[in-house]
1. Multiply the residue separation of Phe68 and Arg115 by 0.36 nm, subtract the distance between their alpha-carbon atoms, and state the gained length in nm to one decimal.
2. Treating only the Cβ atoms of Lys and Arg (+1) and Asp and Glu (-1) as charged, compute the dipole magnitude of the range 6-96 about its Cα centre; round to the nearest 20 debye.
3. Taking the Cα-to-Cβ direction at Met15 and at Glu56 and moving 7 Å from each Cα, how far apart do the two end points lie in nm?
4. Tell me, what is the Rg over Rh of the range 6-96, with Rh the Kirkwood radius over Cα pairs?
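No lab work stands behind these numbers, since they all come straight from the coordinates. Here the structure is a predicted model, which is why all the values come from computation and not from measurement. Here the Cβ is made from the backbone with ideal geometry for all residues, glycine too, and neighbour counts use every protein chain on show.
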Amino acid sequence: MPDKHPVEGLIDTAMQSLKEMIDVNTILGDPVEALDGSLIIPVSRVFMGFAAGGSEFGEPKEEQIAPFGGGSGAGISIKPVAFLVVGQGKVRLLPVGSEAFIDRIFDLIPPLMNRTTNTNANMNNNMY
């Protein structure tokens with residue numbers, strides 16, 4: 001069986017490095033216990049990229065492999081997106097970033113509507 005081509009070695013090395021850099025704990029971080037006993041779990045978005053390539057130069061002579069040139073590279077980006085808060089009988093997702101404000105407004109609409117409805121009902125009951 002022929003030996004592995006040098007570009008395969010480059011790919012194997014880069015893939016092994018990526019495996020060592022990222023695992024499930026990169027996406028869901030280690031929980032941290034708050035003073036009130038709640039658990040806070042960081043949540044991140046992970047982006048990865050990978051490229052490899054190579055070229056052979058000249059003609060191989062007898063059982064010699066032609067000169068080889070190649071390279072590989074990988075990149076990773078981790079962006080925190082939210083925190084899961086588990087405690088007091090509830091699980092809440094607290095988003096991080098510019099979109100968090102809009103999410104918070106949508107979270108507040110149902111309680112605000114309930115409060116408005118209850119206030120109107122109390123006013124109508126007091127009128128009669």
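1. Values: separation 47, 0.36 × 47 = 16.92 nm, distance 7.28 nm.
Taking Phe68 through Arg115 to full extension adds about 9.6 nm, to one decimal.
2. Working: 6 positive and 11 negative charges, 154 e Å.
That gives a dipole near 740 debye.
3. 2.1 nm
4. Working: Rg = 22.2 Å, Rh = 16.7 Å.
Result: Rg/Rh = 1.33.
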